[in-house]
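Notes follow once the structure below has been shown.
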Amino acid sequence: MSQNANDPQRKSWIKVTENSDFPIQNIPFGVFLTRDDVITIGTRIGDTAIDLGALHQLGYFDGIPLTDDIFLQDTLNDFISDGKKTWRLVRNRIAEIFDAKNPKLRDNEDHCRIVLFDLDEIEMQLPVQIGDYTDFYSSKEHATNVGSMFRDPEHALLPNWLHIPVGYHGRSSSIVPSGIPIHRPMGQTRPAGAEEPIFGPSKLVDFELEMAFITTDANQLGEPIPVDEAEDYIFGMVLFNDWSARDIQKWEYVPLGPFLAKNFASAVSPWIVTLDALEPFRTESPTQDPEPLPYLKAKKNNKSFDINLEVELKPAHSEATTIAKSNFKYMYWTMAQQLAHHTINGCKVNSGDMMGSGTISGPSPESYGSMLELTWNGQKPIKMKDGAERKFIQDGDTVTFKGYCTKNGVRIGFGEVSNTLLPPFQPKKNNNHK
Ligand code: MN
């Protein structure tokens with residue numbers, strides 16, 4: 001099917017500023033609460049949010065096989081279940097409706113009043129009900145940095161790393177949208193040199209610069225997804241901050257891997273950018289040596305995406321400093337390989353499942369995707385614009401990720417995921433015993 005929603009020449013009758021992440025070529029999908037407290041599925045052009053539920057009720061999707069309430073829902077799961085053919089029909093139709101040359105909605109003031117919202121009139125929600133969440137560990141630079149710090153620089157990668165997209169099963173209950181503040185976690189740690197563990201607030205709270213992809217219903221239990229088909233089951237991508245507590249992680253992770261250091265919070269950008277919208281920004285992914293086993297060897301779709309990533313750190317009462325710049329293209333394992341590997345044993349993948357890339361570090365020290373690497377485990381503090389220093393994240397700090405692609409004058413972006421770290425949770429006063 002043609003991808004006319006990607007036409008770089010198309011302009012919208014909705015105002016889009018020059019450096020917007022959301023030109024008419026993007027057409028991401030999200031869920032928001034409107035000024036009337038109605039929850040709906042929507043898209044966004046420039047700084048205007050568009051109520052797809054209302055558009056559908058007004059007949060603008062006539063001719064596309066959609067159930068009446070497909071957009072009147074508080075998650076995108078059912079729409080994602082409809083499959084790639086439907087996503088493309090809807091995206092192409094939205095491009096037509098908002099084309100500068102199309103007067104149908106443009107000149108209908110009553111309809112515009114119902115359908116269009118300013119961003120300050122809406123509240124973004126989690127875009128999907130995440131059934132299962134998996135986090136990979138697929139940046140060679142990140143795995144090498146961590147291995148060098150905690151093991152031996154000569155053997156930084158463990159023997160399996162170049163053969164398997166290493167991953168673990170995380171927890172979806174603590175995934176939050178951008179804007180939700182996060183408490184510093186409490187937990188067990190064992191200070192350097194001590195014999196016994198102590199309990200208290202984590203002292204080494206960190207971010208992980210990641211992206212995540214969201215799947216549709218992909219297979220039956222027992223049925224692997226071939227690597228060359230895997231991308232057909234990926235709806236789109238978001239920015240993903242996998243908040244981490246390094247001191248808790250260090251004590252707890254043997255022998256079964258990450259646990260409480262990783263599941264206190266992870267945050268996503270609220271607009272899912274479809275793989276279709278990202279198609280013009282394909283780029284080579286790193287050469288894989290040794291060659292992967294046949295089930296991980298793609299005949300096609302072995303390309304990655306050129307997505308610029310930035311991390312800003314803002315202390316409570318001063319300005320933000322950009323502390324890292326990386327790119328999704330550095331990922332050693334592709335999303336198709338991750339999904340093929342995930343299902344090679346027959347593991348079932350559902351609509352709304354989320355798969356994190358793992359921390360995306362690039363080759364240079366400015367491109368590292370965590371404080372752990374940027375400060376080399378606290379040995380090289382980061383200088384902030386206001387003169388302060390940071391080894392890890394402090395209470396009141398806000399961490400913001402941004403991501404965008406640019407090519408031939410078109411910019412497609414993800415907006416941001418931004419969350420503030422609060423002090424540890426204080427139990428509510430118990431009023432039950434008067
Ligand atoms: Mn992670």
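Mind giving me the nanometre distance, one decimal, between the label points for Ser173 and Lys297, set 7 Å out from Cα along Cα→Cβ?
4.4
Quick one: 3J(HN,Hα) in Hz for the stretch 138-148, Karplus 6.51/-1.76/1.60 with θ = phi - 60°, rounded, Gly and Pro as x.
Using θ = phi - 60°, the values come out as 9, 9, 5, 5, 5, 4, 5, 4, 5, x, 5 Hz.
Once you place label points 7 Å from the Cα toward the Cβ at Asn377 and Arg282, how far apart are they in nm?
4.2
If amide H atoms are built 1.01 Å from N in the plane of the peptide, which residues on other chains or at least 5 residues away come under 5 Å of the amide H of Gly369?
Under 5 Å from the amide H of Gly369 lie the amide H atoms of Ser361, Gly362, each far enough along the sequence or on another chain.
Subtracting the Cα-Cα distance from 0.36 nm times the residue separation, let me have the gained length for Lys11 to Leu158 in nm, one decimal.
Numbers: separation 147, 0.36 × 147 = 52.92 nm, distance 4.98 nm.
Gain in length upon complete extension: 47.9 nm.
Just going by the charge dipole of the stretch 87-193, with Lys and Arg at +1 and Asp and Glu at -1 on Cβ, which of Leu116, Met186, His163 is farthest out on the positive end?
His163
Which FRET efficiency, nearest 0.05, do Asp289 and Val254 yield, Cβ-Cβ r, R0 35 Å? Don't jump to the answer; show the numbers that get you there.
Details: r = 30 Å, r/R0 = 0.85.
Calculated value: 0.70.
Given labels modelled 7 Å from the Cα in the Cβ direction, how far is it in nm from Glu366 to Asp107?
Inter-label distance under the simple model: 5.1 nm.
Could you pull out every residue, at least 5 positions away or on a different chain, whose amide H is within less than 5 Å of the one on Leu422? Hs are placed 1.01 Å off N in the peptide plane, and Pro or chain starts have none.
Ile182, His183, Arg184, Gly396
Output ³J(HN,Hα) for the stretch 167-182: one whole-Hz value per residue in order, computed from phi by the Karplus curve 6.51 cos²θ - 1.76 cosθ + 1.60 with θ = phi - 60°, and x for Gly and Pro.
x, 8, 7, x, 10, 7, 5, 10, 8, 10, x, 3, x, 7, x, 10
Can you list residues whose amide H is under 5 Å from Ser12's amide H, if they're 5+ apart or on another chain and H is modeled 1.01 Å from N?
Hits under the 5 Å cutoff: Ile24, Ala100.
To the nearest 20 debye, what is the magnitude of the charge dipole of the stretch 275-434 about its Cα centre, counting +1 on the Cβ of each Lys and Arg and -1 on the Cβ of each Asp and Glu?
Details: 20 positive and 17 negative charges, 73 e Å.
The dipole magnitude comes to about 360 debye.
What are the ³J(HN,Hα) values, in whole Hz, obtained from phi via the Karplus relation 6.51 cos²θ - 1.76 cosθ + 1.60 with θ = phi - 60°, for each residue of the stretch 326-337 in sequence order, with x given for Gly and Pro?
Each residue of the stretch 326-337 in turn: 10, 7, 4, 5, 6, 4, 6, 9, 7, 4, 4, 5 Hz.
Only the coordinates and a few stated rules stand behind these numbers; no lab work does. Everything quoted here is computed from the prediction, not taken from an experiment. No Cβ is skipped: glycine too gets one built from the backbone with ideal geometry, and neighbour counts run over all protein chains shown.
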